Amino acid sequence: MKTKYTTNEIVLTALGMALVFVATMFIKIPNPLDGYFNLGDGFLMLFAGVLNPFCAFLVGGLGSALADVAGGYAYYFIWTLLIKGVEAFLISELFHRFGPKYKLGYYGLGAIVMVVGYFFAKWFLKGSALIALSGVPENILQSVVGIVIAWAAYPIIQKALGRTRHLKAE
């Protein structure tokens, strides 16, 4: 595992966590069965495409899990940390191994991790597969919106980051 990070990596990781937190915490639509639809996945996927897998895990996992705590869903903290962290880690790993050419596929695989992960988390927490199943359509919709956000914003963030590559690490 990498032990030294550049200033750019640290700043992008912090910015990603903050944007995921804000998009999860403040741009949300509660549902009647416990939980909410939010736009945090779009930023999670976007930052996973430009950060290394560990930093992407922090962005997705901590950014989302801290929003759960702040929003009154603290019992989801560990589940969200793991599910969203693994989602972001996987997307980042695929970007690093194969490049951005198949980014829609990477986002799709990340979305599957999220939908399946929350199905099992809700089943465990609520004790009912039927209740857990009721959250699947909402999570699929949230993933699709996230994919659109990440896909549309990726070229913009790549262009912006391309302009900062000349900056040296401190």
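The values are calculated or read from the model by the stated rules, or taken from the named source; none is laboratory data. If you're wondering where the values come from, they're calculated on a predicted model, not measured in any experiment. Neighbour counts run over all protein chains shown; Cβ positions are idealised from the backbone, glycine included. The protein model used for the area step is the full one, side chains on, heavy atoms only, and it has no ligands, DNA or RNA in it. Shrake-Rupley method; radii C 1.70, N 1.55, O 1.52, S 1.80 Å.
From the residues 142, 89, 73, which one has its Cα farthest along the dipole of the chain in the positive direction, the dipole being from +1 and -1 charges on Cβ of Lys/Arg and Asp/Glu about the Cα centre?
My answer, from the dipole projection, is 89.
Roll a 1.4 Å probe over the protein chains and send me the accessible area per residue for segment 1-114 in Å².
On the way: 5250 Å² over 114 residues.
Each residue of segment 1-114 exposes 46 Å² on average to a 1.4 Å probe.
At a 1.4 Å probe radius, carbon and sulfur cover how many percent of the accessible area of the chain?
75 percent
Show that you can apply the helix-only estimate: for the chain, add -39,500 (n - 2.57) for every DSSP H stretch of four or more residues, divide by all residues, and state [θ] at 222 nm to the nearest 500. Walk me through the intermediate numbers first.
Details: 7 runs with 127 residues, N = 170.
Mean residue ellipticity at 222 nm (helix-derived): -25500 deg cm²/dmol.
Nearest 10 degrees is fine. How inclined is helix 53-70 to the longest principal axis of the chain, computing both from alpha carbons?
Helix 53-70 sits at roughly 40 degrees to that axis.
For the modelled label position 7 Å from the Cα of residue 10 along Cα-to-Cβ, which residues of segment 55-93 have backbone nitrogen atoms closer than 20 Å?
55-60, 62-63
Long-range amide H contacts for residue 36: which residues qualify at under 5 Å (H placed 1.01 Å from N, peptide plane, sequence gap of 5 or more or a different chain)?
When sequence neighbours closer than 5 places are left aside, the close amide H contacts are 31.
Answer with a single label: of (1) 40, 22, 14; (2) 28, 16, 14; (3) 57, 17, 13, which was calculated as semi-axes √(5λ) of the Cα gyration tensor in Å from the structure in view?
Read-out taken from this structure: (2).
Under a point-charge model restricted to the Cβ atoms of Lys and Arg (+1) and Asp and Glu (-1), what is the dipole moment magnitude of the chain relative to its Cα centre, in debye to the nearest 20?
Values: 13 positive and 8 negative charges, 113 e Å.
Around 540 debye, computed over the chain.
Residue-wise, which Karplus ³J(HN,Hα) couplings in Hz belong to segment 100-115, taking 6.51 cos²θ - 1.76 cosθ + 1.60, θ = phi - 60°, and x for glycine or proline?
x, 4, 10, 4, 4, x, 5, 4, x, 5, x, 5, 4, 4, 5, 4
Step through the residues of segment 127-140 one at a time and calculate ³J(HN,Hα) from phi using the Karplus curve (6.51 cos²θ - 1.76 cosθ + 1.60, θ = phi - 60°), rounding each to whole Hz and writing x for Gly and Pro.
x, 9, 5, 5, 5, 4, 5, 5, x, 5, x, 4, 5, 5
Over the chain, with a Gaussian network built from C-alpha contacts below 10 Å, which listed residue (44, 141, 90) shows the highest mean-square fluctuation?
Taking springs between Cα atoms under 10 Å, the residue moving most is 141.
Would you mind calculating the gained length between residue 37 and residue 161 on full extension (0.36 nm times residue separation, minus the Cα-Cα distance), in nm to one decimal?
Separation in residues times 0.36 nm, less the Cα-Cα distance, equals 41.7 nm.
Using +1 at the Cβ of each Lys and Arg and -1 at the Cβ of each Asp and Glu in the chain, identify which of 151, 39, 59 lies farthest towards the dipole's positive end.
The one lying farthest along the dipole's positive direction is 151.
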